[in-house]
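Just so you know, all these numbers are worked out from the coordinates, no wet-lab data involved. Predicted, not measured: the structure shown is a model, and the values here were computed from it. Glycine gets a Cβ as well: all are built from the backbone with ideal geometry, and neighbour counts include every protein chain shown.
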Amino acid sequence: MASLQCPMSLNICPHQPAVRLHGFGQRRSSTTRLIFRVNCENRGSSYVDEAKGNEKKLKILVAGGGIAGLVFGLAAKRSGFDVKVFEKDLTAVRGEGRERGPIQLLSSALGLLEAIDKDVAREIMGAGHVTGDRNCGLADGRSGDWFVKFDFLTPAIVKGIPITQMICRMELQRLLLNAVGEDVVINNSKVVDFVSDANKVTVSLDNGQQFEGDLLVGADGLRSTVRSKLFGAHEPNYSNFICYTGVAEFDPQHLPHFGYKVFLGRNQFLVAADIGKGRLQWYAFVKEARQSPVSPTGIHLISHD
């Protein structure tokens, strides 16, 4: 059928025969937001093959097995579609034995996961650490006084959805991978090209294999092959900020009583987040007008006024 690149989001309403695609077009000095609206027939997860006269499931190919690709793959699988997810390296998805940092799951995200698969959502929430029932927000970087606090609890209670929480990124991906199934997620398979016509889309992998489907979803990251072919190649712009991060361990009773707190300063800010089990994740953003990475030793001096 067609190739579909979703650089930001794909909103599908089961009650309306349309798909809204939100993306961003890049120019030299500015970023222009683009909204595509594609009208589709609401035919469910299958269609009639006119050539053979039999009913077939729509086959969705997903480039990339990170969080976005796995959540999309799980939703498509639970909706009855025939799905294949191509991931270049599952060891990276599993974290290669490293922590890889936490990720905050807002109530809206948890509500979406519940709508996709209640059992998987329950597993994810069981592995997470609730932070939305405590103070979260922005603070003065010197005094620590709050500028503003975000109320994550009330909206969750009003809407009847789970409370915002933190979870280890690798644990989240492990649970999603198990739910999607390694029979659906193909390892060592990086999508390097695709061609499409009125009837199908064909993806080419770096190992020479080819797969055909009805729809291709690009979830292959910052330097997406799918996005580059659809919209042209664009190198990421350096933000002029470098991020330093680490995990500090505490006796839980000595941890500060907040979910996360952003300490704002001039050209720098630091975020501290309670990630559970007596651990505090911190990450500092420091303005540095350079693009060179930190040395291989990982040692770099942060200077400040």
Starting from the Cα-Cα distance between T202 and K118, subtract it from 0.36 nm times their residue separation and give me the gain in nm to one decimal. 26.9 nm
Between T154 and E182, Cβ-based FRET efficiency (R0 41 Å, step 0.05) works out to 0.55
Which of the peptides 249-256, 130-137, 111-118 is most tightly packed, and how do the rest follow, judged by the mean count of other Cβ atoms within 10 Å per residue? 130-137, 111-118, 249-256
Express the relative contact order of segment 122-251 as a whole percentage, based on alpha carbon pairs under 8 Å and six or more residues apart in sequence. 14 percent
Would you mind checking the pairs K84/K229; K59/K229; K57/K229; K56/K84 and listing those with alpha carbons more than 23 angstrom apart? K57/K229
Working from the pairwise distances between different alpha carbons, so that the mean of 1/r is found and then inverted, what is segment 186-279's Kirkwood radius in Å? 17.9 Å
At 7 Å along Cα-to-Cβ for each site, give me the label-to-label distance between R100 and Q253 in nm. 3.6 nm
Evaluate E = 1/(1 + (r/R0)^6) for D89 and K57, where r is the Cβ-Cβ distance and R0 equals 30 Å; express this FRET efficiency to the nearest 0.05. 0.60
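How much length, in nm to one decimal, is gained on full extension between V195 and S143, taken as 0.36 nm per residue of separation minus their Cα-Cα distance? Present the calculation step by step, with values, prior to reporting the outcome.
Values: separation 52, 0.36 × 52 = 18.72 nm, distance 5.69 nm.
Between V195 and S143, full extension yields an extra 13.0 nm.
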Can I get the semi-axes of segment 117-188's equivalent ellipsoid? Compute them from the C-alpha gyration tensor as square roots of 5 times the eigenvalues, in angstrom, largest first. 33, 17, 8
Please find the FRET efficiency linking R78 to E212, where r is the Cβ-Cβ separation and R0 is fixed at 25 Å, and quote it to the nearest 0.05. 0.65
List the residues whose amide H sits under 5 Å from the amide H of S189, counting only those 5 or more places along or on another chain, with H placed 1.01 Å from N in the peptide plane. E87, K88, D89
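Suppose a student asked you for the relative contact order of segment 117-166, using Cα pairs under 8 Å spaced at least 6 residues apart; what percent would you report?
Reported relative contact order: 39 percent.
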